[in-house]
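*Asks:* Pasting a structure below so you can have a look.
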Amino acid sequence: MIDILNAMVVLSNYVLIPAIAYGSQLALGALGVTLIYGILRFSNFAHGDTMAFGAMVTILFTWLFQSWGITLGFLPTALLGIPFGIIATAALLLATDKLVYQFYRRQKADPVILVIVSMGVMFVMNGLVRFIIGPNDQRFSDGERFIISAREFKTLTGLKEGLAFKTTQGITIVTAIILVLVLFWFLNRTRTGKSMRAFSDNEDLALLSGINPDKVVMVTWIIVAGLAATAGALYGLDKSFKPFIFLQLLLPIFASAIVGGLGNPIGAIAGGFVIAFSEVLITYPLKKVLKYLMPEQLEPSGLVQLLSTDYKFAVSFTILIIVLLFRPTGLFKGKSV
Amino acid sequence: MSEPFLIGEGMTGGYGTGADILHDCTVAIDAGQIAVIVGPNGAGKSTAMKAIFGMLEIHRGFVRLDGEDISALSPQDRVAKGMAFVPQTANVFTSLTVEENLEMGAFLRRDDIAVTMRQVYELFPILSEKRKQAAGELSGGQRQQVAVGRALMTKPKVLMLDEPTAGVSPIVMDELFDRIIEVAKTGISILMVEQNARQALSIADKGYVLVQGTNRFTDTGAALLADPEVRKSFLGG
Amino acid sequence: MTTSMKNIGLFFVVACLIAGTGFIQSWNTALFILNMGLISAIMSLGVNLQWGFAGLFNVGVVGFVALGGLAAVLVSMPPTTDAWAAGGFQVIVGLIFGAATVIAAIFIQARMVAGKIKVFTTISVLIVGFFIFRYFFDGGVEAVEAVNPAGTGYLGGLNFGGENYKSWGFMAVVSWPVGGVLAAGAAWLIGKTALGLRSDYLAIATLGISEIIIAVVKFEDWLARGVKNVSGLPRPVPYEIDLQESPSFSEWVYSIGGDPVTASSIVVKLSYAGLFTAVLIIILTLAQLALSSPWGRMMRAIRDNEYAAAAMGKNVTARHLQVFVLGSAICGVAGAMMTTLDSQLTPGSYQPLRFTFLIWVMVIVGGSGNNFGAVLGGFLIFFLWVQVEPIGAMLMQAVTAGMAEENAIRLHLLGSVAHMRLLTMGLILILVLRFSPRGLIPEK
């Protein structure tokens, strides 16, 4: 019995909690991708770097507050920086739309042109971030490190295995839940939100109904800015902030959005967790869990790590391919194939 | 004769830079009446309607609503002026509920929409039952009702319907025509493009027979139905 | 001015830019730009084939380039006999089991009646196969990597020149088409899955496959030493040191009043340039022939109106697969050439999106759909890529000239010059797409 508890604790500590936190980050990222896809109808390659930009501004403001001596006690000061990150990101995205994307929208350009353009935007944003904050690792988390540390957990429960719950993980999860609830309330209950869904569903009919496309697009970018900046800041807080990391996040984020069904917000969230759980589970050495569950003689000799962490994005990719092969519109019905 | 409520007069034009589809085509409708455009395939029926609604450029002729020249207005602006258009296909938001579809129809309105919505539900009781259901899950006939309902939510003065009965069963078709007559009785002018010429003309105050983008016959619905030449060429005897 | 005059003029301008680099900076830099320009031109021909001819958006160029690089190692390096003896065959057995598992799973998918049993069989075959694969493979890998890890620790290649493998320089040239074949194989797999779906999906799938290829090259030490790099690849051209030691060469250099050390390196680079030019001419000729052939016309017809082409009975997906595989193969060839030029494989230098993006900028700036445009773009953009940094540094110096020596902003700006490259490339792409979407030499 104790063995099973220990196994569960190990699994929670190394797989469940990290995967939930990572899944929340992916879900927020994928929501941004999927909203842009639904409303603006292209896959935005610049999304990873939009997240990096939002995280960067958040970090700069966090440092500013820290230097002023303003902190949030046991919570990280970065939470105060996030709103500023969102505002700056929204300004950046709206400016980008005005200067770059709007032209192609008016032209009714092929989506693939917009994808290429977004790659250009990606590198400009990437350059901007490196230019401002440099290419190195930046630390900006403060406050209490753990909600519950492994040691506290062990003394509390008397179990052999410890369970650590980092503050950043807790904040990630709570923030993601709040953000998602607000987003869904907005999309399903407000006039503007419904008009966004209508626009995504049937652009021509939305125009016939008098829905203003410019306003829909503007609101979309602002929401995307909120999601991206928050996701970026949370990821940076939970793991570390490095400008090029966000480039690597692009693949899992796209995989999440596609697996869930591009253009479908619920799908994006589900996809985020599917990808996160698979990635963490497949690259985690399960031996520590199995040794509690199996009789001694059957105990595995290897680490039972299915795939080395070097290949973690191979997991997103494989899931993506499987979905594309068998269900190209995603688990939840996305827009078109 | 007094000026009709809505008139597209001498319209000549086509899509984009392509060849002209309409040639000096005139379609008019009086307040509270039903006008029907019929004609063979490719006669430019839908095109004429879209031209009146501003969805394609006409380089000759003009469109007047209640005496005002609206030729230069965009479709959205024409919606604000009191015109509503129901496209032939993709005319509902499939992922939105019936009620949300109606709400979107009233997007431009700032006043209370509850009364209009109640009227739409009275007109189409089935929609009231399915108000929380996604429009994409409804049957073809019900979808058409949602589409007409959405258009009515703008409180239009003119309702334009592009083949509202395409692809629905004959029974549903009859019912739809009945509803359209009811709508007209409330004082809304109706302009309709129809494949089922005989049935459409039978409810029409005015009928337009278009051939190759020009007016061939124009008369009251009843007169056209009685005209032997129209019958022979367009109504199958 | 006629179009052809303008085009010749454009090539002339780029030639002047490179020559100018020679006169102002150094001929070594100029020849480096020339050689990499040749390779870039070949890569952009490959991408142009996919994008310009067929409208396919390949974001995984770097993956195919890396496969080419891998081929260069696998063909031109000598086999590590000890490593083969230690575990090489076990690795191969493992891989065969792995492949057999996948094939079995595909076979089950194709042949069995749909239902729970099918799902169950597929999954169990995959799981059992996976463990057999890992059993053989892991053991083999461990053994291979244990053999002289500081020097080899990998299986080596197919160069059977023995001790004198370096004199078998022709193996380097042999590796180029092999690189093409490897890249073609990967492209076929990815094309089979993602072609026929939305264009965005192909983009994301190619991004994924390239990340995986890079990961394999980086982390599979038994294959090509991973980030420990393989260096000292045989060359198809003479070595500088041999030239310097050759009396006839020094005599000749002295007779024209040069320095043998500089001269030898220039001669080596020029020999590479000669080889690369030959390859470029061959591929360019083939691409031109393809463009004007019925096949090329059909490809463009499909690009311009997929639905009409499909309605006319053209198998759009099959055509796309052809062109996708061909284009990727060309990138693979160029990748092998690049590794031969560097005479080492450094997997850490393959930056997934960065590299791909550069090639894309080449194609679009040069003129998508036009082979000569792609070639021009290859030279021009590579020139800019090399020169943006010094120009940026000069610019920053000028901007910050008025500031104090230790001014924090000045130091920050000067330190950030290194990040200007990608930003500039991004801007170039956005501006060209906006204001001159057809590029410098537009499609006819």
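The values are calculated or read from the model by the stated rules, or taken from the named source; none is laboratory data. Owing to the predicted nature of the structure, the values given are computational and were not obtained by experimental measurement. Neighbour counts are summed over all protein chains in view; Cβ atoms, including those assigned to glycine, are modelled from backbone coordinates with ideal geometry. Areas reflect the complete protein model, heavy atoms only, side chains present, ligands, DNA and RNA absent. Shrake-Rupley method; radii C 1.70, N 1.55, O 1.52, S 1.80 Å.
*Asks:* Does C:Val91 meet the test of being touching a residue at least 24 places away in the same chain (Cβ under 8 Å), part of a helix (DSSP H, G or I) and in contact with a Leu (Cβ under 9 Å, 6 or more places away or on another chain)?
*Replies:* yes
*Asks:* Then there is this: Is it the case, given these coordinates, that C:Phe53 is part of a helix (DSSP H, G or I), at pLDDT 95 or above, more than 14 Å from chain A (Cβ to nearest Cβ) and under 27 Å from C:Ile190 (Cβ atoms)? If you could, list the steps in order and put the result at the bottom.
*Replies:* Numbers: part of a helix (DSSP H, G or I): yes; at pLDDT 95 or above: no; more than 14 Å from chain A (Cβ to nearest Cβ): yes; under 27 Å from C:Ile190 (Cβ atoms): yes.
Against the criterion (part of a helix (DSSP H, G or I), at pLDDT 95 or above, more than 14 Å from chain A (Cβ to nearest Cβ) and under 27 Å from C:Ile190 (Cβ atoms)), C:Phe53 does not qualify.
*Asks:* Could you count how many residues in segment A:133-161 are open to solvent by 70 Å² or more (accessible area, probe 1.4 Å), among the β-branched types (Val, Ile, Thr) and within 30 Å of A:Trp63 (Cβ to Cβ)?
*Replies:* Of the residues in segment A:133-161, 1 are open to solvent by 70 Å² or more (accessible area, probe 1.4 Å), among the β-branched types (Val, Ile, Thr) and within 30 Å of A:Trp63 (Cβ to Cβ).
*Asks:* Output yes when any residue across segment A:239-255 is in a loop (DSSP other than H, G, I, E, B), crowded, with 24+ Cβ neighbours inside 10 Å and within 14 Å of another protein chain (Cβ to nearest Cβ), and no when none is.
*Replies:* yes
*Asks:* Does segment C:317-328 include one or more residues that are away from chain A (no Cβ under 14 Å), closer than 20 Å to C:Leu286 by Cα and of a type in the set (Gly, Ala, Ser)?
*Replies:* Taking every residue of segment C:317-328 in turn, at least one turns out to be away from chain A (no Cβ under 14 Å), closer than 20 Å to C:Leu286 by Cα and of a type in the set (Gly, Ala, Ser).
*Asks:* Scanning for something over 30 Å from the mean Cα position of the chain (by Cα), open to solvent by less than 60 Å² (accessible area, probe 1.4 Å) and polar (S, T, N, Q), does segment C:122-145 turn up at least one residue?
*Replies:* Scanning segment C:122-145, I find at least one residue that is over 30 Å from the mean Cα position of the chain (by Cα), open to solvent by less than 60 Å² (accessible area, probe 1.4 Å) and polar (S, T, N, Q), so the answer is yes.
*Asks:* Same structure, new question: Going by what's in this entry, would A:Leu5 be described as in a helix (DSSP H, G or I), touching a residue at least 12 places away in the same chain (Cβ under 8 Å) and surrounded by 24 or more Cβ atoms within 10 Å (Cβ to Cβ)?
*Replies:* So A:Leu5 does not fit the description; no.
*Asks:* Right, next: Of all residues in segment C:395-420 being open to solvent by 60 Å² or more (accessible area, probe 1.4 Å) and within 12 Å of chain A (Cβ to nearest Cβ), which is nearest to the chain's Cα centre (by Cα)?
*Replies:* Taking the candidates together, the pick is C:His412.
*Asks:* From A:Ile87, A:Ile17, A:Ile82, grab the single residue that is crowded, with 18+ Cβ neighbours inside 10 Å and at pLDDT 95 or above.
*Replies:* A:Ile82
*Asks:* Would you be able to tell me the number of residues in segment C:150-178 that are in contact with a Pro (Cβ under 8 Å, 6 or more places away or on another chain), open to solvent by less than 50 Å² (accessible area, probe 1.4 Å) and aromatic (Phe, Trp, Tyr)?
*Replies:* Total meeting the criteria: 1.
*Asks:* Is it true that some residue in segment C:382-389 is within 14 Å of chain A (Cβ to nearest Cβ), surrounded by 15 or more Cβ atoms within 10 Å (Cβ to Cβ) and among the β-branched types (Val, Ile, Thr)?
*Replies:* The answer is yes, given that some residue of segment C:382-389 is within 14 Å of chain A (Cβ to nearest Cβ), surrounded by 15 or more Cβ atoms within 10 Å (Cβ to Cβ) and among the β-branched types (Val, Ile, Thr).
*Asks:* Which of the helices (runs of 4 or more DSSP H) found entirely inside segment B:78-172 contain at least 1 residues meeting this: under 25 Å from B:Phe5 (Cα atoms)?
*Replies:* Ranges flagged: B:98-105, B:114-123, B:140-152.
*Asks:* Further, regarding this structure: Checking the structure you have, find out if any residue of segment A:25-38 is in contact with a Pro (Cβ under 8 Å, 6 or more places away or on another chain), of a type in the set (A, V, I, L, M, F, W, C) and under 14 Å from A:Pro252 (Cα atoms).
*Replies:* Within segment A:25-38, one or more residues are in contact with a Pro (Cβ under 8 Å, 6 or more places away or on another chain), of a type in the set (A, V, I, L, M, F, W, C) and under 14 Å from A:Pro252 (Cα atoms).
*Asks:* Is it the case that some residue within segment A:31-45 is crowded, with 24+ Cβ neighbours inside 10 Å, within 24 Å of A:Ala164 (Cβ to Cβ) and modelled with pLDDT of 95 or more?
*Replies:* Within segment A:31-45 (the criterion being crowded, with 24+ Cβ neighbours inside 10 Å, within 24 Å of A:Ala164 (Cβ to Cβ) and modelled with pLDDT of 95 or more), the answer is no, since none of the residues qualifies.
*Asks:* Looking at A:Ile269, is it within 14 Å of another protein chain (Cβ to nearest Cβ), aliphatic (A, V, I, L, M) and within 15 Å of the chain's Cα centre (by Cα)?
*Replies:* When the stated conditions are applied, A:Ile269 does not pass them.
*Asks:* Of the conditions (1) crowded, with 19+ Cβ neighbours inside 10 Å; (2) facing chain A (nearest Cβ under 9 Å), B:Ala80 clears all except one; give me its number.
*Replies:* Among (1) crowded, with 19+ Cβ neighbours inside 10 Å; (2) facing chain A (nearest Cβ under 9 Å), the lone unmet condition for B:Ala80 is (1).
*Asks:* Moving to a separate point now. Residues in segment C:191-201 that are at the interface with another protein chain (Cβ under 9 Å from one of its Cβ atoms), out of contact with any Ser or Thr (no Cβ under 8 Å at 6 or more places or on another chain) and either among the β-branched types (Val, Ile, Thr) or touching a residue at least 60 places away in the same chain (Cβ under 8 Å) (or both): how many?
*Replies:* Counting residues in segment C:191-201 that are at the interface with another protein chain (Cβ under 9 Å from one of its Cβ atoms), out of contact with any Ser or Thr (no Cβ under 8 Å at 6 or more places or on another chain) and either among the β-branched types (Val, Ile, Thr) or touching a residue at least 60 places away in the same chain (Cβ under 8 Å) (or both) gives 2.
*Asks:* Just the residues that are in a helix (DSSP H, G or I) and open to solvent by 80 Å² or more (accessible area, probe 1.4 Å), please, taken from segment C:103-118.
*Replies:* Those that are in a helix (DSSP H, G or I) and open to solvent by 80 Å² or more (accessible area, probe 1.4 Å): C:Ile103, C:Ile106, C:Phe107, C:Arg111, C:Lys116, C:Ile117.
*Asks:* Moving to a separate point now. Out of everything in segment A:90-130 that is crowded, with 16+ Cβ neighbours inside 10 Å, without any contact (Cβ under 8 Å) to a residue 40 or more places away in the chain and among the small types (Gly, Ala, Ser), what residue ends up being farthest from the other protein chains (Cβ to nearest Cβ)?
*Replies:* Filtering segment A:90-130 for residues that are crowded, with 16+ Cβ neighbours inside 10 Å, without any contact (Cβ under 8 Å) to a residue 40 or more places away in the chain and among the small types (Gly, Ala, Ser), the one farthest from the other protein chains (Cβ to nearest Cβ) comes out as A:Ala109.
*Asks:* Here is a further query. Identify, please: which residue in segment C:425-440 is more than 7 Å from every other protein chain (Cβ to nearest Cβ), under 13 Å from C:Met362 (Cα atoms) and not small (Gly, Ala, Ser) and is, among those, most open to solvent (accessible area, probe 1.4 Å)? If you could, list the steps in order and put the result at the bottom.
*Replies:* Within segment C:425-440, the first condition is being more than 7 Å from every other protein chain (Cβ to nearest Cβ), and the residues that meet it are C:428, C:431-432, C:435-440.
Applying the additional criterion that residues be under 13 Å from C:Met362 (Cα atoms) yields C:428, C:432, C:437-440.
Checking which are not small (Gly, Ala, Ser) leaves us with C:428, C:432, C:437-438, C:440.
Details: C:Ile428: 38, C:Val432: 27, C:Pro437: 73, C:Arg438: 138, C:Leu440: 58 Å².
Result: C:Arg438.
*Asks:* Given (1) crowded, with 22+ Cβ neighbours inside 10 Å; (2) touching a Ser or Thr at 6+ places or on another chain (Cβ under 8 Å); (3) not in a helix (DSSP H, G or I), where does A:Gly210 come up short, assuming only one miss?
*Replies:* It fails just one condition, (1).
*Asks:* Can you give me the ranges of the helices (runs of 4 or more DSSP H) entirely in segment C:301-391 with at least 3 residues that are assigned by TED's automatic domain parsing to the domain that holds C:Ile430 and in contact (Cβ under 8 Å) with a residue 40 or more places away in the chain?
*Replies:* C:316-342, C:352-366
*Asks:* I want to confirm something. Restricting to segment C:224-249 and keeping residues that are in a loop (DSSP other than H, G, I, E, B) and of a type in the set (Gly, Ala, Ser), which single residue is surrounded by the fewest Cβ atoms within 10 Å (Cβ to Cβ)?
*Replies:* C:Gly232
*Asks:* For the subset of segment A:315-330 comprising residues that are at the interface with chain C (Cβ under 7 Å from one of its Cβ atoms) and either in contact (Cβ under 8 Å) with a residue 60 or more places away in the chain or touching a Leu at 6+ places or on another chain (Cβ under 7 Å) (or both), which member is surrounded by the fewest Cβ atoms within 10 Å (Cβ to Cβ)?
*Replies:* Here the answer is A:Pro328.
*Asks:* Among B:Ile21, B:Ile52, which is open to solvent by less than 50 Å² (accessible area, probe 1.4 Å), out of contact with any Pro (no Cβ under 6 Å at 6 or more places or on another chain) and more than 10 Å from chain A (Cβ to nearest Cβ)? Full working, then the answer.
*Replies:* On the way: B:Ile21 fails: open to solvent by less than 50 Å² (accessible area, probe 1.4 Å).
So the residue among B:Ile21, B:Ile52 that is open to solvent by less than 50 Å² (accessible area, probe 1.4 Å), out of contact with any Pro (no Cβ under 6 Å at 6 or more places or on another chain) and more than 10 Å from chain A (Cβ to nearest Cβ) is B:Ile52.
*Asks:* Could you list, ordered by first residue, the pairs with Cβ atoms under 7 Å in which the first is in segment B:1-16 and at pLDDT below 90 and the second is open to solvent by 70 Å² or more (accessible area, probe 1.4 Å), at least 6 apart or interchain?
*Replies:* The qualifying pairs are B:Gly13/B:Glu57; B:Gly13/B:His59.
*Asks:* Return only the number of the condition from (1) within 14 Å of chain B (Cβ to nearest Cβ); (2) more than 22 Å from the chain's Cα centre (by Cα) that A:Met196 does not satisfy.
*Replies:* A:Met196 satisfies all of (1) within 14 Å of chain B (Cβ to nearest Cβ); (2) more than 22 Å from the chain's Cα centre (by Cα) except (2).
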